[in-house]
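Taking it in order: structure first as structure tokens, then the write-up.
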């Protein structure tokens with residue numbers, strides 16, 4: 001996985017979530033809080049998700065072969081899509097189920113009432129540290145665009161996934177703390193159930209956003225407009241008059257498929273045409289420094305109508 005794959009951010013999130021899961025399960029065992037159980041399962045799901053992201057990065061580095069001639073770069077998109085499904089099912093739906101059960105049989109928190117508050121504070125500290133690492137890793141990649149646009153447009157899935165997971169985890173902790181706090185203050189266990197329900201809705205919403213984004217990447221997204229303009233400008237040169245038709249698509253986060261028809265200069269020999277194509281490929285790779293598979297086809301420019 002490249003530096004843009006955010007390996008450091010993934011490892012930081014994995015370490016934090018494992019520690020947080022243990023403390024949350026401990027608080028649930030002491031108090032029976034459904035919000036604590038929902039948050040504990042959420043942390044377990046997040047830990048599994050980070051392992052899936054690391055596995056996806058490892059798989060994507062496999063070299064191309066006869067069965068997958070364009071390589072395994074899209075494996076990172078597939079495993080990020082699985083992460084969204086895990087977050088939806090193991091995180092969101094479980095929290096909603098727990099909320100439903102707790103609403104049916106609400107119970108106050110009577111034993112170790114301080115434990116959930118301590119766990120929430122400790123978990124908040126660990127999640128903030130994890131999110132800070134993800135933000136630090138993402139800033140050079142994000143550039144001047146806003147965070148939401150970065151999540152929507154990034155072709156490397158790992159950092160957006162970790163950023164959304166960490167942000168959802170922080171919001172979930174606030175909701176869990178509010179539910180537990182109100183239950184302790186009122187003695188009404190339905191507040192604890194409400195906290196669990198709010199966590200479930202939050203996780204389902206985050207998972208839905210990730211599913212939509214990963215589906216788009218799996219289907220095959222084009223390069224950015226800036227990259228397309230740079231490639232189109234780099235193609236013409238000695239022996240190539242103009243670009244007739246151009247398509248650029250991501251084969252993986254750091255790999256492009258470039259297919260173009262171009263108008264060759266008149267009177268070129270076959271050797272001169274081959275040299276012109278080689279030079280154009282070199283210019284394209286220099287203009288957009290990503291790994292590229294390039295197919296260039298000479299054609300005649302035909303007048304329309």
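Only a single item in (1) out of contact with any helix residue (DSSP H, G or I) (no Cβ under 8 Å at 6 or more places or on another chain); (2) over 29 Å from residue 99 (Cβ atoms) is not met by residue 75, and it is number (1).
Each residue in region 250-275 was checked for being exposed (fewer than 14 other Cβ atoms within 10 Å of the Cβ) and under 30 Å from the mean Cα position of the chain (by Cα), and 0 pass.
The residues listed here are 22, 82; of these, the one that is within 30 Å of residue 255 (Cβ to Cβ), surrounded by fewer than 18 Cβ atoms within 10 Å (Cβ to Cβ) and modelled with pLDDT of 85 or more is 82. For region 101-141, the tally of residues that are within 18 Å of residue 28 (Cβ to Cβ), assigned to a helix (DSSP H, G or I) and in contact (Cβ under 8 Å) with a residue 60 or more places away in the chain stands at 13.
When residue 171 is tested against (1) at pLDDT 90 or above; (2) over 19 Å from the mean Cα position of the chain (by Cα), only condition (2) is not met. Do you know which residues across region 284-305 are at pLDDT below 90 and more than 17 Å from residue 248 (Cα to Cα)? Correct list: 300, 301, 302, 303, 304, 305. State the number of residues belonging to region 224-270 that are in a helix (DSSP H, G or I) and closer than 28 Å to residue 71 by Cα. Final tally of qualifying residues: 10.
Within region 25-45, identify whether any single residue is over 25 Å from residue 107 (Cβ atoms) and free of Cβ contacts under 8 Å to residues at least 40 places away in the same chain, and answer yes or no. Checking region 25-45: not a single residue is over 25 Å from residue 107 (Cβ atoms) and free of Cβ contacts under 8 Å to residues at least 40 places away in the same chain.
The values are calculated or read from the model by the stated rules, or taken from the named source; none is laboratory data. Just so we're clear, the structure is a prediction, and the values are computed from it rather than from any experiment. When we count neighbours, we look across all protein chains shown, and the Cβ atoms used for this are built from the backbone with ideal geometry, even at glycine.
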